[in-house]
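Heads up, the thing below is written out as structure tokens.
The values are calculated or read from the model by the stated rules, or taken from the named source; none is laboratory data. Being a predicted model, the structure only gives us computed values, none of them experimental. Quick reminder, even Gly has a Cβ in these numbers, built from the backbone with ideal geometry, and neighbours come from all protein chains shown.
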Amino acid sequence: MENIYSPKQIEGKIQQHWAENKVFKAVVDSNKEKFYCLSMFPYPSGRLHMGHVRNYTIGDVISRFQRMNGKNVMQPMGWDAFGLPAENAAIKNKVAPAGWTVENIAYMRNQLQQLGFGVDWDRELATCEPEYYRWEQWFFTRLVEKGMAYKKNSAVNWCPHDQTVLANEQVHDGCCWRCDTKVERKQINQWFIRITDYAEELINELDNLDGWPESVRTMQRNWIGRSKGIEMSFDLESGEGSVDVYTTRPDTVMGVSYVAVAAQHPIALEASKTNEALATFIEDCKTTTTSEADMATMEKKGVNTGVMVIHPLTGKTVPVFAANFVLMDYGTGAVMAVPAHDQRDFEFAHKYGIEIKQSIKPATDDVEIDLTVEAFTEKGVCVNSAPLSELDGLDFDKAFGVIAAKLKELGKGQVQVNYRLRDWGVSRQRYWGAPIPMVNLENGEQVCAKEFPVKLPTDVIMDGINSPIKGNAEFENTTYDGQPATRDTDTFDTFMESSWYYARYCSPQYDQGMVDPKEANYWLPVDQYIGGIEHATMHLLYFRFFHKLLRDEGLVQGDEPCKRLLTQGMVLAETFVRKNPGGSKDYFGEDAVNIEKDEKGKVISATLKETGETLELGGMVKMSKSKNNGVDPQELINLYGADTARLYTMFAAPPEQALEWREDGVNGSYKFLQRLWRITTEFLELGEAAELDVKSLNKAQKDVRRKTHETIEKVTDSYAEKYAYNTAIAAVMELLNTVNKFDAKDGQDLAVVKEALESAILMLSPIVPHITYELWELLGKTESVVDARWPAVDKGALVKDSLLYIVQVNGKLRAKIEVDASLSKDQIQELAFADENVKSFVEGKDIKKVIVVPNKLVNIVAV
């Protein structure tokens with residue numbers, strides 16, 4: 001029998017067996033409890049990275065464990081195939097995105113299969129396939145018809161060179177991240193979906209998602225941003241309208257000294273016609289960032305519009321300023337400014353010489369404030385409230401009620417619940433995406449397409465600037481009810497595709513609708529979802545929202561798309577940096593560096609192999625191409641095998657924590673698998689084991705069996721409840737140590753060892769499925785390990801015949817005694833006093849107290 005572990009000889013043939021026999025094909029079975037395990041699908045970038053390996057290994061371990069516990073498991077895989085990266089790669093490589101994407105999918109699929117994931121490949125989908133996005137297009141037209149999707153002008157970051165909208169994160173120092181062109185703020189017509197209609201439900205149901213991390217729920221709660229405040233009107237002094245503002249601090253309203261409006265607010269635009277400084281300011285704001293982080297720290301600028309408005313409670317006039325810290329897309333595009341009680345308003349007022357009026361003081365006299373230095377922003381009690389003097393002395397809640405009632409009486413305001421959440425803009429001006437299925441008629445009307453899919457042309461030439469479907473007559477020109485018409489040339493935000501793929505996995509080949517009701521009602525909701533926490537307020541929010549849209553269309557059941565969410569940590573690796581004179585940095589991979597480590601394996605210095613120059617240690621950071629610290633999973637598989645890669649990613653850290661990549665840790669994982677192989681094959685050489693007879697076991701045999709079932713109990717808990725695969729692996733390692741030390745000869749010796757090895761193999765099989773598959777067969781099992789049941793704990797095996805007690809005298813350890821488990825407290829106490837060492841410390845002393853802690857300790861107090 002071969003005693004040497006050779007992953008190359010076993011992994012390929014096992015994977016082939018799984019594929020040919022469709023071992024992981026998921027089929028509806030109403031007689032079995034289902035378990036739908038889903039990992040966020042990958043973007044087909046061309047090669048897997050270690051983040052992929054970790055993410056999908058976690059999902060596979062969960063899936064295999066649930067299968068072994070009798071569940072009917074579905075674990076699908078697909079490709080988030082649309083998006084700008086494919087366009088960039090296509091431009092760089094001078095190819096069309098479609099061909100590049102298909103090639104990448106083929107390569108990455110092969111890599112995933114080499115890792116042995118138990119995926120039902122018959123359910124594979126790619127979002128760039130017309131068979132997929134046709135239903136997304138159909139569903140969008142349903143939303144349009146219901147008024148849930150609409151088109152409006154909206155301010156965006158616009159790159160005039162690339163002719164596309166940019167997210168705030170794609171604007172660097174006011175310039176396009178890709179071509180460095182100065183970005184403009186531009187009003188364009190875009191499609192939106194009314195996610196705000198579901199804001200209340202989205203925030204309320206977070207309390208029901210107890211299987212989701214609290215951190216994700218908190219992030220979504222803050223992102224949705226429910227607030228209760230008052231919307232009030234400041235009438236224009238001219239009598240020609242009003243400025244509406246919303247505030248969550250109406251208690252400060254008596255301190256309003258100006259109103260600030262966005263540069264694009266109608267009042268500012270109208271005033272700019274006769275105000276050159278204001279017109280210049282509005283033009284400058286077109287290239288100003290709109291990210292909240294930048295706006296919080298940037299210099300506050302503005303221009304007096306010359307317009308005056310009337311305070312709704314005091315009747316006094318206050319000026320209106322156009323300000324760069326107010327956005328037209330947030331709220332009403334106008335805010336009431338209270339410099340004494342808002343730091344942003346304070347800075348602006350100081351800069352432009354605007355009055356600072358105190359209307360709130362601290363609730364207690366021991367708090368000192370200085371409004372010449374900074375605003376007092378805490379809640380307190382009202383002061384200086386004339387002519388509404390009844391406010392003086394009231395706290396926030398009482399003042400809120402009085403002000404709300406007064407404004408309602410005057411017809412100038414009302415209580416309102418607002419949300420920070422804005423409607424979801426789904427239009428993109430790029431090419432590689434699903435076409436928006438709308439048609440423009442000659443009379444200017446826009447209507448929904450009637451036939452799907454509206455196919456995206458794939459045989460195109462990318463020039464790096466314009467979308468190849470804009471100005472493409474073959475794509476744009478169409479007919480509607482026999483009349484000439486043109487297609488919408490925008491494409492969907494790729495979050496659209498990733499918001500409903502989980503439901504399409506239930507029936508990816510179904511051609512009668514978006515989902516097959518029978519399959520969807522059986523498999524949904526997702527039982528376990530795995531992905532990065534960086535998606536908390538984008539994908540994971542749209543994912544929840546889209547499910548509610550599908551529910552309300554009658555396509556799925558239930559209020560939420562998934563029960564449990566696991567957010568895995570990043571994979572980190574050491575970085576080696578050379579700082580250049582100009583301030584730039586070069587990063588070098590480990591293969592180009594000589595590394596010195598301390599006795600604990602920590603890197604303490606590094607030099608460049610080629611020149612010998614000393615490099616700086618950049619620390620452990622997320623693996624990336626830009627930092628040159630990535631590890632190629634393919635090289636890892638080729639060198640050590642898939643099981644080593646899987647074992648290391650599960651053993652190095654708990655799934656939710658960051659994993660620090662250590663080469664010695666990989667070697668350690670490989671050596672453990674070699675040891676597992678050796679222990680099992682050496683056991684088989686000892687001969688046939690007897691049938692286990694638990695009643696005839698001696699003490700040593702019982703000890704081995706007890707360790708086996710203690711391990712099963714601990715590992716089961718680690719798998720089922722805690723995702724603590726690292727502790728599960730450590731427990732199995734301890735069990736194998738026990739087996740290795742046990743001198744098994746024949747009969748019941750071999751029987752308890754066989755039980756221990758079989759249990760260890762079963763417990764490791766979700767993590768290292770190839771080696772355990774082979775060893776299970778070598779142990780003579782006819783049923784495949786993937787179809788075996790999870791080992792059960794024999795409670796009887798956990799009962800100890802004897803117990804180890806610590807004996808302390810006056811709190812200090814004086815002896816360890818092993819006693820029969822059936823003895824009483826008095827008998828245990830008697831044995832403790834009989835120990836020779838204990839006798840020497842209590843002899844001639846007065847015994848004040850004896851405490852016997854069951855199964856643990858005897859403590860003697862002697863003076």
Of residues in region 320-364 being in contact with a Gly (Cβ under 6 Å, 6 or more places away or on another chain) and without any contact (Cβ under 8 Å) to a residue 40 or more places away in the chain, the one farthest from Ile188 (Cα to Cα): Ala363
Test: Tyr510 is under 30 Å from the mean Cα position of the chain (by Cα), part of a helix (DSSP H, G or I) and either modelled with pLDDT under 95 or aromatic (Phe, Trp, Tyr) (or both): no
Region 785-828, subset farther than 17 Å from Ile847 by Cβ and among the β-branched types (Val, Ile, Thr), residue surrounded by the most Cβ atoms within 10 Å (Cβ to Cβ): Val785
The one condition in (1) touching a strand residue (DSSP E or B) at 6+ places or on another chain (Cβ under 9 Å); (2) over 30 Å from Leu647 (Cα atoms) that Leu125 fails to fulfil: (2)
Subset of region 34-65 [farther than 13 Å from Met650 by Cα, out of contact with any strand residue (DSSP E or B) (no Cβ under 7 Å at 6 or more places or on another chain) and charged (D, E, K, R)]: Arg47, Arg64
Residue in region 75-89 that is in contact (Cβ under 8 Å) with a residue 60 or more places away in the chain, more than 29 Å from Tyr510 (Cα to Cα) and not assigned by TED's automatic domain parsing to the domain that holds Lys622 present: yes
Unmet criterion (only one of (1) more than 30 Å from Thr614 (Cα to Cα); (2) buried (at least 23 other Cβ atoms within 10 Å of the Cβ)) for Phe576: (1)
Verdict on Lys8 being among the basic types (Lys, Arg), more than 22 Å from Ala126 (Cα to Cα), free of Cβ contacts under 8 Å to residues at least 12 places away in the same chain and part of a helix (DSSP H, G or I): no
Within region 704-780, helices (runs of 4 or more DSSP H) holding 1 or more residues that are without any contact (Cβ under 8 Å) to a residue 24 or more places away in the chain and outside the structural domain of Asn55 (by TED's automatic domain parsing): 725-741, 769-778
Every residue from region 420-459 that is part of a strand (DSSP E or B) and either within 30 Å of Trp100 (Cα to Cα) or outside the structural domain of Val165 (by TED's automatic domain parsing) (or both): Trp424, Gly425, Ser427, Arg428, Pro435, Met438, Val439
Subset of region 18-60 that is part of a loop (DSSP other than H, G, I, E, B) and under 18 Å from the mean Cα position of the chain (by Cα) - its residue that is surrounded by the most Cβ atoms within 10 Å (Cβ to Cβ): Phe41
Extreme residue, nearest to Glu231 (Cα to Cα), among residues of region 297-323 that are buried (at least 22 other Cβ atoms within 10 Å of the Cβ) and not aliphatic (A, V, I, L, M): Pro312
Qualifying residue in region 146-155 (condition: modelled with pLDDT under 95 and touching an Asp or Glu at 6+ places or on another chain (Cβ under 8 Å)): yes
Checklist (1) in a helix (DSSP H, G or I); (2) in contact with a Leu (Cβ under 6 Å, 6 or more places away or on another chain) applied to Glu497, failing item: (2)
Test for Glu374: is it within 24 Å of Phe348 (Cβ to Cβ) and acidic (Asp, Glu): yes
Count of residues meeting criterion [closer than 30 Å to Ala434 by Cα and assigned to a helix (DSSP H, G or I)] in region 61-100: 14
Region 15-32 residues that are free of Cβ contacts under 8 Å to residues at least 24 places away in the same chain and over 24 Å from Tyr773 (Cα atoms), paired with ones that are of a type in the set (S, T, N, Q) and not in a helix (DSSP H, G or I) (beta carbon under 9 Å, 6 or more apart): Asn31/Asn72
Selection within region 640-662 - out of contact with any His (no Cβ under 6 Å at 6 or more places or on another chain), touching a residue at least 40 places away in the same chain (Cβ under 8 Å) and assigned to a helix (DSSP H, G or I): Tyr640, Ala642, Thr644, Ala645, Arg646, Leu647, Thr649, Met650, Phe651
Top-ranked residue of region 627-637 - restricted to ones that are under 24 Å from Gln114 (Cβ atoms) and out of contact with any Leu (no Cβ under 6 Å at 6 or more places or on another chain), ranked as surrounded by the fewest Cβ atoms within 10 Å (Cβ to Cβ): Glu635
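Listed here are the residues, each with its yes/no results for (1) within 30 Å of Phe495 (Cα to Cα); (2) assigned to a strand (DSSP E or B); (3) touching a Leu at 6+ places or on another chain (Cβ under 6 Å); (4) not assigned by TED's automatic domain parsing to the domain that holds Ala724.
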| position | (1), (2), (3), (4) |
| --- | --- |
| Arg551 | yes, no, no, yes |
| Leu572 | yes, yes, no, yes |
| Gly583 | no, no, no, yes |
| Asp586 | no, yes, no, yes |
| Asn594 | no, yes, no, yes |
| Ile604 | no, yes, no, yes |
| Gly612 | no, no, no, yes |
| Leu617 | no, yes, no, yes |
| Lys625 | yes, no, no, yes |
Among (1) in a loop (DSSP other than H, G, I, E, B); (2) surrounded by 15 or more Cβ atoms within 10 Å (Cβ to Cβ); (3) in contact (Cβ under 8 Å) with a residue 40 or more places away in the chain - the single one Ala375 does not satisfy: (3)
Contacts under 7 angstrom Cβ, first residue in region 118-143 being farther than 21 Å from Val27 by Cα, partner polar (S, T, N, Q) and in a loop (DSSP other than H, G, I, E, B), 6 or more apart: Tyr133/Thr127
Where a residue in region 551-563 is on the phi < 0 side of the Ramachandran plot and its partner, wherever it lies, is crowded, with 16+ Cβ neighbours inside 10 Å and hydroxyl-bearing (Ser, Thr, Tyr), with Cβ under 7 Å and at least six apart: Pro561/Tyr502; Cys562/Tyr529
Only listed residue being part of a loop (DSSP other than H, G, I, E, B) and either outside the structural domain of Asp122 (by TED's automatic domain parsing) or in contact with a helix residue (DSSP H, G or I) (Cβ under 9 Å, 6 or more places away or on another chain) (or both), chosen from Thr478, Thr489: Thr489
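The rows are residues; the columns are (1) surrounded by fewer than 18 Cβ atoms within 10 Å (Cβ to Cβ); (2) at pLDDT 95 or above.
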{"position": "Asp329", "(1), (2)": "yes, no"}
{"position": "His341", "(1), (2)": "no, yes"}
{"position": "Tyr352", "(1), (2)": "yes, yes"}
{"position": "Glu355", "(1), (2)": "yes, yes"}
{"position": "Ser359", "(1), (2)": "no, yes"}
{"position": "Asp365", "(1), (2)": "yes, no"}
{"position": "Val383", "(1), (2)": "yes, yes"}
{"position": "Asp397", "(1), (2)": "yes, yes"}
{"position": "Phe400", "(1), (2)": "no, yes"}
Residues located in region 520-543, provided they are more than 29 Å from Leu421 (Cβ to Cβ) and either buried (at least 20 other Cβ atoms within 10 Å of the Cβ) or at pLDDT below 95 (or both): Trp523
